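Engineer: My questions will all concern the structure given below.
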Amino acid sequence: MAGAEPFSFSGRGEVGVLLVHGFTGTPFEVRPLGEHLAGQDIASSGVLLRGHGTHPNDMLGCRYQDWIDDAEAGLEELLRTNRGVVLVGFSMGGTIALNIAARRA
């Protein structure tokens, strides 16, 4: 699906922002925020959660834990080049972000 691909923008390397889309969504819904952050020289990354961005049937075998794992992989990638990362999620992506933040606090 056009526009569904994940994205990554580099920044100063201080703090990055992981952007997690909602259920049945794609990184397209959070990309405008990523572009705005890039304009402020803040790194950001929009992950594509497993089973999303293609056909609805592709989500049939996916579990919530799969989506947490996808977001954590994006978090680890941002942590390679930034001292800290802020988690931001839209709808279900917000629950994923909170889940990760609570376990890593």
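Engineer: Going residue by residue through segment 21-43, is there one that turns out to be crowded, with 17+ Cβ neighbours inside 10 Å, among the β-branched types (Val, Ile, Thr), at pLDDT 95 or above and over 14 Å from the mean Cα position of the chain (by Cα)?
Structural biologist: The answer is yes, given that some residue of segment 21-43 is crowded, with 17+ Cβ neighbours inside 10 Å, among the β-branched types (Val, Ile, Thr), at pLDDT 95 or above and over 14 Å from the mean Cα position of the chain (by Cα).
Engineer: Out of everything in segment 64-73 that is touching a helix residue (DSSP H, G or I) at 6+ places or on another chain (Cβ under 9 Å) and of a type outside the set (Phe, Trp, Tyr), what residue ends up being farthest from Ser45 (Cα to Cα)? Can you show your working first?
Structural biologist: To start, the set of residues in segment 64-73 that are touching a helix residue (DSSP H, G or I) at 6+ places or on another chain (Cβ under 9 Å) comprises 64, 67-68, 70-72.
Add one more test, that the residue is of a type outside the set (Phe, Trp, Tyr), and what stays is 68, 70-72.
On the way: Ile68: 15, Asp70: 12, Ala71: 10, Glu72: 12 Å.
That would be Ile68.
Engineer: Tell me which of these Gly13 doesn't satisfy, since it passes every other one: (1) at pLDDT 95 or above; (2) more than 25 Å from Asp66 (Cβ to Cβ).
Structural biologist: Unmet for Gly13, out of (1) at pLDDT 95 or above; (2) more than 25 Å from Asp66 (Cβ to Cβ): (1).
Engineer: Still on this structure: Asn82 passes all but one of (1) more than 17 Å from the chain's Cα centre (by Cα); (2) in a loop (DSSP other than H, G, I, E, B); which number fails?
Structural biologist: Against the list (1) more than 17 Å from the chain's Cα centre (by Cα); (2) in a loop (DSSP other than H, G, I, E, B), Asn82 comes up short only on (1).
The values are calculated or read from the model by the stated rules, or taken from the named source; none is laboratory data. Values in this document were obtained by computation on a predicted structure and should not be read as measured data. In this analysis, Cβ positions are derived from the backbone assuming ideal geometry, glycine residues included, and neighbour counts consider all displayed protein chains.
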